[in-house]
Amino acid sequence: MMTVLYAYRGNLYVNLTNRCPCRCTFCLRQTKDEMDGCGSLWLEREPTVGEVKSELDRHDLSKYGELVFCGFGEPTERLDAIVDITKYVKEKYPSVSVRVNTNGLSDLINGRDTAADFAGVDAVSVSLNTPDPDEYLRLTRSKFGPGSFEAMLKFAGNVKKYVPKVTLSTVSTTITKKDEECCAEICRDLGVTYRIRPFE
Ligand code: SF4
């Protein structure tokens, strides 16, 4: 059976796709099949929007802090599904917060400015990884090549117009304190929150 929804640390996660334009050197998919006993996150096929909605209806969403689009792939590869499912959740369970965890390359993936599609989402969390564009490409191995870092920052700045909480994050201990200060400055300039996530 495929794992489409999984509970993790008090939140409910939606695993929409295994597609991703990156091959990050640190991607958990290289070493794990699942997150702490939630079942394999490798999908036999992508779930339809209808299947995700039916699965959601089988859960008591009030038990969870947030509904998070994340999983073993880049959720914005299925942006239309995110829009549709978010609308459904907001209509049916208005008190539930919705977050999208993303590599921030939605505009490159979808070939257009996608920020407005995120209206209705409560939070977007983007992996910044590093303040350096060359290092970003070395780490993420984005198929879009040079310009990926700049596109990610542009997306973060634009999506802030539609989403109340936009966060750019790096992982603790993976970059120097000086680089963390540079990341904090990038976030200040964009008007978004900077978060240093614990190393897992
Ligand atoms: S963007 Fe996320 S899913 Fe894609 S390769 Fe990097 S860590 Fe893995």
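Annotation: peptides 85-94, 102-111, ranked by per-residue average of other Cβ atoms within 10 Å with the highest first, follow the order 102-111, 85-94. Taking the chain as a whole, the Cys residues whose C-beta sits 4.7 Å or farther from every other Cys C-beta are CYS20, CYS22, CYS38, CYS70, CYS182, CYS183, CYS187.
Tell me, what is the per residue accessible area of the chain in Å², probe radius 1.4 Å?
That works out to 50 Å² per residue.
With contacts defined as alpha carbon pairs under 8 Å and 6 or more residues apart, what's the relative contact order of the chain in percent? Could you put the intermediate results ahead of the total?
Values: 351 pairs, mean separation 38.5, N = 200.
For the chain, the relative contact order is 19 percent.
If a/c stays under 1.5 just call it rounded; otherwise compare a/b with b/c (prolate if a/b is bigger, oblate if not). Do that for region 47-200, with a ≥ b ≥ c from the square roots of the Cα gyration tensor eigenvalues. Taking the square roots of the gyration eigenvalues as a ≥ b ≥ c, region 47-200 is prolate. Quick one: dipole size for the chain, taken about the Cα centre, charges +1 on Lys/Arg Cβ and -1 on Asp/Glu Cβ, in debye to the nearest 20. Rounded to the nearest 20 debye, it is 140 debye. Comparing mean-square fluctuations of ARG112, ARG141, ARG23 from a GNM of the chain with C-alpha springs under 10 Å, the top value falls on ARG112. Distance between the C-alpha centres of region 130-174 and region 40-87: 23 Å, rounded to the whole angstrom. Within the full protein context, the accessible area of LEU5 is estimated at about 20 Å² for a probe radius of 1.4 Å.
Say the cut-off is 24 Å between C-alpha atoms; which of LYS87/LYS161; LYS32/LYS92; LYS32/LYS87 go over it? Spell out each step's value before the answer.
On the way: LYS87/LYS161 18 Å; LYS32/LYS92 34 Å; LYS32/LYS87 32 Å.
Beyond 24 Å: LYS32/LYS92; LYS32/LYS87.
Specify whether the C-alpha gyration tensor of region 135-200 places it in the rounded, prolate or oblate class, a ≥ b ≥ c being the square roots of the eigenvalues: rounded for a/c under 1.5, otherwise prolate if a/b is larger than b/c and oblate if not. Verdict is oblate for region 135-200.
Using the rule -39500 (n - 2.57) for each DSSP H run of four or more residues, divided by the residues of the chain, the 222 nm mean residue ellipticity is -9000 deg cm²/dmol. What shape does region 1-122 have by the C-alpha gyration tensor, where a ≥ b ≥ c are the square roots of the eigenvalues, rounded means a/c under 1.5, and otherwise prolate means a/b greater than b/c and oblate the rest? Since a/c reaches 1.5 but b/c is at least a/b, the shape of region 1-122 is classed as oblate. Of the beta bridges DSSP finds with both residues in the chain, what % are antiparallel, to the nearest 5? If we restrict to bridges inside the chain, about 15 percent are antiparallel.
At a 10 angstrom cut-off on C-beta neighbours, averaged per residue, how do the peptides 142-148, 122-128 rank from highest to lowest? Walk me through the intermediate numbers first.
Numbers: 142-148: 15.3, 122-128: 21.9.
Packing proxy ranking, top to bottom: 122-128, 142-148.
The values are calculated or read from the model by the stated rules, or taken from the named source; none is laboratory data. The structure displayed is predicted, hence computed values, not measured ones. Every residue, glycine among them, receives a Cβ derived from its backbone with ideal geometry; neighbour counts consider all protein chains shown. Note: areas computed on protein heavy atoms with side chains; ligands, DNA, RNA excluded. Shrake-Rupley method; radii C 1.70, N 1.55, O 1.52, S 1.80 Å.
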